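Report on the structure given below.
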Amino acid sequence: GYTLAPHKKFPFQNRQVAHVIQHLFGVFQQQFGGAQDTIKILLVGDSAGANLALATYQNYLTDSIRSSIVGMILYYGVYSGDTNADSWQRLGDGRYGLSTKAMHWYWKQYLNDIEQMKLPEASPLLANDSTLPPAFLVVGNLDPLLDDTLKFAEKLERLHIAHQVIVLEGYPHGFLRFCKQVDGVYDIIH
């Protein structure tokens, strides 16, 4: 439900997500009598939403809120602007939905200046953050963002952060939209 670009541009969406998380954190504190250690938050996002969940965690939340985030479930995330990766070269022609051309257009709509793509706040794969919570990553093997997910998993491995990666055979970008039509997708999210 975040505001879409180009109506509002980066980092407006990150600040929106942070605001919602901070608001929920405050509500939970009131509901549980202020006992911070009883508040457990799980961040979930897909595609640009996975980018926002990860980048917001890394750059826009207080330490007390970050300590309440116990994990992330991220589906086929946009973790960098690298469309030179192998998966983009093999799968980025649009035959499976997402194309390199479309991704460049999305970035141009989202950013004030394309150079912002080099910022860790926009491309969270570039962030130097060893305090990430455990992550459950899901991507299809027909998704041009496959390498972004695998690179993020490699980073988590190097940082010794608990994670699991599932690469679904035969699934393109955006497969969650079909969760009611494809049993395999429904099984993964439940």
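The values are calculated or read from the model by the stated rules, or taken from the named source; none is laboratory data. A quick note: this is a predicted structure, and the numbers were derived from the prediction, not measured. Quick reminder, even Gly has a Cβ in these numbers, built from the backbone with ideal geometry, and neighbours come from all protein chains shown. All accessible areas refer to the heavy atoms of the entire protein, side chains included, with ligands and DNA or RNA removed. Shrake-Rupley method; radii C 1.70, N 1.55, O 1.52, S 1.80 Å.
Observations, loosely collected:
- 5 angstrom amide H check on residue 165, placed H, neighbours 5+ away: 137
- Nearby lysines by direct alpha-carbon distance to residue 151 (threshold 22 angstrom, same-chain neighbours under 8 apart not counted): 101, 118
- Spin-label pair residue 114/residue 62, simplified geometry with 7 Å Cα→Cβ offset, distance in nm: 4.0 nm
- Rounded accessible area of residue 154 (nearest 10 Å², 1.4 Å probe): 100 Å²
- A Förster radius of 35 Å combined with the Cβ-Cβ distance from residue 37 to residue 121 puts the calculated FRET efficiency at roughly 0.75.
- The stretch 34-130, Rg to Rh (Cα coordinates; Rh as Kirkwood inverse mean 1/r): 1.05
- Summary value for the chain: 21 percent relative contact order, contacts being C-alpha pairs under 8 angstrom separated by 6+ residues.
- Residue 29-residue 70 FRET efficiency (beta carbon distance; Förster radius 22 Å; 0.05 resolution): 0.85
- Accessible area per residue in Å² at 1.4 Å probe, computed on the chain: 52 Å²
- In this view, the solvent-accessible surface of residue 130, computed with a 1.4 Å probe and all protein chains in place, comes to about 80 Å².
- Inter-probe distance in nm under a simple model that places probes 7 Å from Cα toward Cβ, at residue 22 and residue 154: 3.6 nm
- Once you divide the Cα radius of gyration of the chain by 2.2 N^0.38 Å, the number left is 1.03.
- Accessible surface of residue 129, taken over heavy atoms with a 1.4 Å probe and every protein chain present, rounds to 10 Å².
- When only alpha carbons are used to place a centre, the stretch 81-148 and the stretch 7-49 end up 23 Å from one another.
- For the stretch 74-172, convex hull volume per residue from C-alpha positions, Å³: 91 Å³
- Placing a label point 7 Å from the Cα of residue 162 along the Cα-to-Cβ direction, the residues of the stretch 63-81 whose backbone N falls under 14 Å from that point are 69-73.
- Projected label distance in nm at residue 106 and residue 82, using a 7 Å step from Cα toward the beta-carbon: 1.7 nm
- Over the chain, dividing the summed -39,500 (n - 2.57) contributions of all DSSP H runs of at least 4 residues by the number of residues returns a 222 nm mean residue ellipticity of -12000 deg cm²/dmol.
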